[in-house]
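No lab work stands behind these numbers, since they all come straight from the coordinates. What you see is a predicted model, and the numbers here were worked out from it, not measured in a lab. Using ideal geometry, Cβ is built from the backbone for each residue, glycine included, and neighbour counts are taken over all protein chains shown.
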Amino acid sequence: DTGVSQDPRHKITKRGQNVTFRCDPISEHNRLYWYRQTLGQGPEFLTYFQNEAQLEKSRLLSDRFSAERPKGSFSTLEIQRTEQGDSAMYLCASSLGRGRQETQYFGPGTRLLVL
Amino acid sequence: AQTVTQSQPEMSVQEAETVTLSCTYDTSESDYYLFWYKQPPSRQMILVIRQEAYKQQNATENRFSVNFQKAAKSFSLKISDSQLGDAAMYFCAYRTMEYGNKLVFGAGTILRVKS
């Protein structure tokens with residue numbers, strides 16, 4: 001069990017460019033979550049997958065954001081036409097959705113800076 | 001919508017002493033989970049302790065314990081025998097047991113440990 005991994009760890013881009021982040025969950029975890037964390041704040045929920053199905057999306061997830069989880073394994077989060085307000089840490093978490101005692105395990109995050 | 005409030009932006013504790021971090025939340029639900037997560041500087045978030053709302057007994061994990069007051073909607077974390085490695089940002093989080101499994105986080109408390 002190698003834990004949740006995210007790639008890249010850091011990304012600097014210019015306003016208007018597209019960026020894509022990848023998350024590899026803990027193997028056999030069927031649930032995968034994306035959160036966004038701005039400086040000095042707690043993480044905020046963006047979206048959630050159960051296997052390959054995207055079951056919930058936050059209102060924070062504008063039309064410029066899209067997430068996928070093909071085949072229920074890794075997930076990608078794409079931001080199109082980035083804006084300076086998109087600068088944040090993007091966190092991925094995974095869990096084994098089994099019963100009440102579900103625990104989300106977090107990855108190290110991808111820190112995005114939009115210039 | 002549920003909200004989580006951490007009223008202490010920053011706390012300090014002397015090594016080997018005890019510190020309590022505060023958390024309050026607002027919900028109309030009766031069935032939910034509460035969590036404390038620790039985020040060390042530049043490292044990923046890890047689960048410290050969790051509490052099920054239906055359990056009256058306060059959760060304990062080694063040096064970490066909670067004081068869960070359901071009627072007051074309060075969920076404080078007590079760290080005993082503080083160690084230098086406890087220095088981190090601590091987040092209180094809420095998870096509904098209804099549809100959706102997202103975590104709702106507070107803004108966090110920075111804990112500094114003095115040697």
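R0 = 30 Å: FRET efficiency of A:Asn30 with A:Gln80, Cβ-based, nearest 0.05?
Taking R0 as 30 Å, the efficiency between A:Asn30 and A:Gln80 is 0.60.
Which net charge results when you count Lys and Arg as +1 and Asp and Glu as -1 among the other residues whose beta-carbon is under 14 Å from that of A:Phe45?
Every neighbour counted, the sum reads +4.
So in chain B, what percent of DSSP beta bridges are antiparallel if you round to the nearest 5?
Bridges in chain B are about 90 percent antiparallel.
Label points 7 Å out from Cα along the Cβ direction at B:Asn62 and A:Ser73: separation in nm?
The answer from the label model is 3.4 nm.
Apply the Karplus curve 6.51 cos²θ - 1.76 cosθ + 1.60, θ = phi - 60°, to the phi angles in segment A:59-74 and return the couplings in whole Hz, x for Gly and Pro.
So the Karplus estimates, Gly and Pro as x, are 5, 5, 7, 6, 4, 7, 9, 9, 10, 9, 9, x, 6, x, 10, 6 Hz.
Output the antiparallel fraction of DSSP beta bridges having both residues in the protein assembly as shown, as a percent to the nearest 5.
90
If one computes P(r) from the Cα atoms of chain A, what percent of pairs lie at distances over 19 Å?
41
List every residue whose amide H lies under 5 Å from the amide H of A:Arg31, counting only residues 5 or more places away in sequence or on a different chain, with H placed 1.01 Å from N in the peptide plane.
Residues meeting the amide H criterion: A:Asn51, A:Ser95, A:Gly97.
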